[in-house]
Amino acid sequence: MANTAKQVIQTDILCVGAGVASLATALALLRGLKAQGRPLPRVTVVEKGRSVGSHVLSGAVIDPSGFDGLLTEEEIAKMPIEARVSSEAFHMLFDATRAMRIPWVPPMMQAHGYPVGSLTKLTQYLAQLCEREGAEVYTGFAAVELVEDAKGRVIGVRTGDKGVDREGRAKSNFTPGEEIHAKAVVLGEGACGILTDRLIAAKKLQGRREQSYAIGIKEVVEVPADEARVGEIAHTFGYPSDWSTYGGGFVYHVSPTQVMICFAYALDYAHPEKDPHTLFRQFKAHPVMAAHIQGGKSVAYGAKVIPEGGYYSVPQVVADGALIVGDGAGLVDTLRIKGVHIAMQSGRAAAATLAECLAKNDFSLAALRAYGDRLRQTEGWKQLKRVKNVRAPFSTNLVLGVMSAGCAWATHGALPFWPVPLESDHEALLPLKGGRLPPAPRVEAGPTSPDRLTDVFMSGTIHDEDQPCHLKIKDRKACDACIVRYGAPCQRFCPAEVYRLEEGHIHVDFSNCLHCKTCQIKDPYQNIEWTFPQGGDGPRYTRM
Amino acid sequence: MHIIVCVKQVPDTTNVRINPETNTLMREGVESIMNPFDEYALEEALRLKDAHGARVTVITMGPPQADVVLREAMARGADDGVLLTDRAFAGADTLATSYAIAQAIRKLTSRADLILFGKQAIDGDTAQVGPGVSEFLNCALVTYVKSICVEGDRFTVETQMDEGVDVIEGRLPAVMTVVKEAAVPRFASLSGWMAAKKAAIPRWGAQDVGAAPEACGLNGSPTKVVKIFAPPVKTGGTRMDGREEPSAAVEQILKLLHEKGVA
């Protein structure tokens, strides 16, 4: 629809997405300038979720190094996180019933004393701190397009129109999107950010290796109160993942009555009949996991992709006019699957750079580039480098993966010294003719094993159904080919039952969408384009 | 024309759970939103403003953080807002709430042309505060309004009744409660939110509005909650799976209905 934006809104620093990386940027920038007694810029944050945190999903056992020096002791104490890790376990799951507890927790996995809780809540808390410092946070507004000047410099974003019907016509409540211009745009969209990826492609900012992802599926389970288990965490490896797919899970007791349980599965899996949601249910039914959630009831659900490519997949993080922070830049330690602290460190590196730019009133590409140098000096970056080759060998074989991870860890990333290649996620899928999967062990529906649609309900996701479908199928003919060759894997890889095969036709129930982006990544024909639905639509996570 | 819209901040009840021991709402993970029916009342006010020009004032009573619903209304186009907040108002039932709001409206203006409410709030579901305010202000009342037409000091409204639509004419000022069959609420624009975030919103307490202490809050509330209980849990009923053979499922349902004497 033609955009009839009125006047352009001017701000100084514009952050896209109200996740931890963006908010750390805003907070560090405003606090840093305030401490130096310098004038404060206008800092604007736009977020597509209805509220801050409603599209945020993480474990989360948080490496607290991201907070050091940014939050005061008092603020850290007041974080809406009830538990600290008190006991850790690491299990290898062999099959549906057998497991072995690794007698020691690998050093890189150790997290004793780390805060463990909901990243949704932590994000809301950070947003409050940001607003107290003068940042403006606007939720329910999706930045759908980067605005560039004639020279190709990013100068702002355009927000999406609201009140458009399914045919693209204006409804009675049509509200045109608006343009916001800024001296610098900070892209903190999170994993598989749409504007970020467009910018990376357009400006050729790709890293040495394409980004690889895993899908993380998570539930919050309410259990009978047990004070003694608060802070207990366990990580697993192996079942229900196969030997050549990087996958694992965790269970965190974040309060006497709440357990977070999650299974992550690398999206370079090969068999088109694999179904991450079913794997998640098998995972929860494993005796080792079931013991953690016994007598409980699942009350919240969500899913999101996790960038796993690591060091070699990190793009150049600076473009003319724009900085990329957090998961959108793939800043996740792929061995520990931890990114919150690196996201915050990247945000703080961006803030230090922006403070400098403000002082000199120089936002040129050369000045912004200092962010990349700063990022490379952070602890988080050093961790990324140390595990730079950890992820790839797991796609060949679990044993090889474990050995190479140990090797990389022991040699501080020196070995293997070459970038181990990794197939792109969508190309890894093999045609169905390779053979059907043996029937999976059936998991009965129950309070801690809801079916997919019950889970979707608990995510709170909702989209105005009278709007254009935001999941664009580019070519229906490719769907026909895919149905024959791969058996329409979209029905299975989507954790929200958005795609249904009925009478040879793929139906797209976009209202179920969790904004996880799995479809765009895993579709073997790259035939699905994820575009932005109306701002404010999507999941409504409150304690993910 | 001066239109006053009374709005309430309520818990979002789309995914509410009840604590089985205390039978009270579990607030954890429940967001606060503008009462959805109030959005329709606001939209009617803003449409009148668009058509005739009007000042639209939003009022809410609640804790200090309830100012966000006023800002949301202002982001959509309301001109100003008033937050009634005071410990003295705490524990108010619908009578004491109506009294406090009526006092605030009296303080705000000697001549409000229209005072709009949502049909009811989705938390208490009483539908009493709108009518209560009309009593305190001794002002005409129309409930279940779905459209409003104003010409001079006369109004014509359509009201949504169970058996159809009534058309009612009358003279301003009037209090009206609005149903969701009214016009679809508009969105707040980003620039609207930017302006609303900065707006100064006066906070009035019981003294500011000249409310008698004995008529406020718990003291002024004759309603007493004697007991809270959860309705008995309904059994799941019978499910027919028609995905494999829809016609067989339909036959089964028909058979069942015959047996029950329904069809």
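Descriptive notes on the structure:
- Strands (runs of 3 or more DSSP E) fully within region B:132-212 counting 2 or more residues that are within 19 Å of B:Glu43 (Cα to Cα) and in contact with a Leu (Cβ under 9 Å, 6 or more places away or on another chain): B:140-151, B:174-178
- Residues of region A:165-188 that are crowded, with 22+ Cβ neighbours inside 10 Å and either outside any strand (DSSP E or B) or not hydroxyl-bearing (Ser, Thr, Tyr) (or both): A:Gly177, A:Glu178, A:Ile180, A:Ala182, A:Ala184, A:Val185, A:Val186, A:Leu187, A:Gly188.
- Qualifying residue in region A:400-409 (condition: touching a residue at least 12 places away in the same chain (Cβ under 8 Å), within 22 Å of the chain's Cα centre (by Cα) and surrounded by 12 or more Cβ atoms within 10 Å (Cβ to Cβ)): no
- Lone unmet requirement of (1) away from chain B (no Cβ under 13 Å); (2) not in a strand (DSSP E or B) for A:Ala214: (2)
- Condition met for A:Gln124 (surrounded by fewer than 19 Cβ atoms within 10 Å (Cβ to Cβ) and either in a helix (DSSP H, G or I) or within 12 Å of chain B (Cβ to nearest Cβ) (or both)): no
To keep it simple, each residue is scored yes or no on (1) in the same structural domain as A:Val105 (by TED's automatic domain parsing); (2) in contact with an Asp or Glu (Cβ under 7 Å, 6 or more places away or on another chain); (3) under 21 Å from A:Ala496 (Cβ atoms).
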| residue | (1), (2), (3) |
| --- | --- |
| A:Lys218 | yes, no, yes |
| A:Trp243 | yes, no, no |
| A:Val254 | yes, yes, no |
| A:Ala264 | yes, no, yes |
| A:Arg281 | yes, no, yes |
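- Looking across A:Met458, A:Met544, one residue alone is touching a Phe, Trp or Tyr at 6+ places or on another chain (Cβ under 6 Å), touching a residue at least 40 places away in the same chain (Cβ under 8 Å) and not assigned by TED's automatic domain parsing to the domain that holds A:Asp242. It is A:Met458.
- Taking the listed residues B:Glu43, B:Glu21, B:Glu39, B:Glu31, the one that is within 12 Å of chain A (Cβ to nearest Cβ) and either over 19 Å from the mean Cα position of the chain (by Cα) or not charged (D, E, K, R) (or both) is B:Glu21, with no other qualifying.
- Check on A:Gly53, within 14 Å of chain B (Cβ to nearest Cβ) and not in a helix (DSSP H, G or I): yes
- Pairs are defined by a Cβ separation below 9 Å, a sequence spacing of at least 6 or placement on different chains, a first member in region B:192-205 that is within 14 Å of chain A (Cβ to nearest Cβ), and a second member that is at pLDDT 95 or above and assigned to a loop (DSSP other than H, G, I, E, B); the pairs so defined are B:Gly192/B:Gly77; B:Trp193/A:Gly140; B:Trp193/A:Phe141; B:Ala196/B:Ala78; B:Ala196/B:Ala188.
- Among the candidates A:Trp418, A:Trp409, the residue that is among the hydrophobic types (A, V, I, L, M, F, W, C) and either part of a loop (DSSP other than H, G, I, E, B) or closer than 26 Å to A:Lys304 by Cβ (or both) is uniquely A:Trp418.
- Members of region A:196-222 that are of a type in the set (Val, Ile, Thr) and either under 24 Å from A:Pro495 (Cα atoms) or touching a His at 6+ places or on another chain (Cβ under 7 Å) (or both): A:Thr196, A:Ile215, A:Ile217, A:Val220, A:Val221
- Whichever residue in region A:381-398 is touching a residue at least 60 places away in the same chain (Cβ under 8 Å) and not polar (S, T, N, Q) and, among such residues, is surrounded by the fewest Cβ atoms within 10 Å (Cβ to Cβ): A:Lys385
- Scanning region A:76-117 for residues that are under 25 Å from A:Gln282 (Cβ atoms), of a type outside the set (Lys, Arg) and assigned to a loop (DSSP other than H, G, I, E, B) yields a count of 7.
- Qualifying positions in region A:431-490 - within 14 Å of chain B (Cβ to nearest Cβ), polar (S, T, N, Q) and surrounded by 15 or more Cβ atoms within 10 Å (Cβ to Cβ): A:Ser459, A:Thr461, A:Gln467
- A:Arg209 vs. criteria over 28 Å from A:Ser449 (Cβ atoms), over 18 Å from the mean Cα position of the chain (by Cα) and of a type in the set (Lys, Arg): yes
- The lone exception for B:Gly217 - which of (1) in contact (Cβ under 8 Å) with a residue 40 or more places away in the chain; (2) within 21 Å of the chain's Cα centre (by Cα); (3) at negative phi; (4) away from chain A (no Cβ under 14 Å) it fails: (3)
- Taking residues in region A:286-303 that are within 14 Å of another protein chain (Cβ to nearest Cβ) and under 24 Å from A:Thr542 (Cβ atoms), and partners anywhere that are of a type in the set (Lys, Arg) and crowded, with 21+ Cβ neighbours inside 10 Å, the pairs with Cβ atoms closer than 7 Å and at least 6 places apart or on different chains are A:Gly302/A:Lys218.
The values are calculated or read from the model by the stated rules, or taken from the named source; none is laboratory data. Every value quoted in this text rests on a predicted model; they were computed, and no experiment measured them. All Cβ positions, even for glycine, are placed from backbone atoms using ideal geometry, and neighbour counts span all protein chains on display.
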